[in-house]
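Please treat every number below as a calculation from the coordinates, not as lab data. Bear in mind the structure is a predicted one, so any value in this text is a computation, not a measurement. Methodologically, a virtual Cβ is constructed for each residue, glycine included, from the backbone with ideal geometry; neighbour enumeration extends over all protein chains shown.
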Protein chains: 2
Amino acid sequence: MTQNATFYHAGCPVCLSAEQGLAHALNPADYAVEIVHLGEAPHRIAEAEAAGVASVPALVIGGQPFHINFGASLADVKGSV
Amino acid sequence: MTQNATFYHAGCPVCLSAEQGLAHALNPADYAVEIVHLGEAPHRIAEAEAAGVASVPALVIGGQPFHINFGASLADVKGSV
């Protein structure tokens, strides 16, 4: 059975590199990865925040947030949408 | 053909959570993951540094460093070994 993994990003270069290098590297037999661009889907910022996401890019797996490098803070993403 | 992925850590709680949640989540068909505890293998600190690792836990995939959350800076790891 696959579990959900959500990759939140904001289109920044650091985000795209993490998407290519890490989000797409997860085992597809175990993880169903959803890519969410918070700039294009600002209604999902609250959901990311509730999961503990403080900056993007971040990958939430099993409810646990993993911040990958640093592209932008969630506050900055909020300020720009 | 698999490519190498190296997960560098220092045994900290943040490190262990990233190891379980992310390092072991990579697609085994594509990635051969090596786990390196820099506290136990301090001779590999220089290698991590050369790959661009600035803090642990970090995952180096295809020569690219991905810092995952923040456990400790590499400088702190150096100071403790």
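When B:His67, B:His24 are checked against the criterion of being outside any strand (DSSP E or B) and either under 20 Å from A:Gly62 (Cα atoms) or of a type in the set (Phe, Trp, Tyr) (or both), B:His24 stands alone in meeting it. Of the residues examined, A:Asn69 is one that is on the phi > 0 side of the Ramachandran plot and either in contact (Cβ under 8 Å) with a residue 40 or more places away in the chain or surrounded by 15 or more Cβ atoms within 10 Å (Cβ to Cβ) (or both). The listed residues are A:Ala48, A:Ala72, A:Ala5, and the only one of them that is farther than 24 Å from B:Pro28 by Cβ and assigned to a strand (DSSP E or B) turns out to be A:Ala72. Cβ separations smaller than 7 Å between residues 6+ apart or across chains give the following pairs from region B:11-29 residues that are within 7 Å of chain A (Cβ to nearest Cβ) to residues that are crowded, with 17+ Cβ neighbours inside 10 Å and part of a helix (DSSP H, G or I): B:Leu26/A:Ala25; B:Asn27/A:Ala25.
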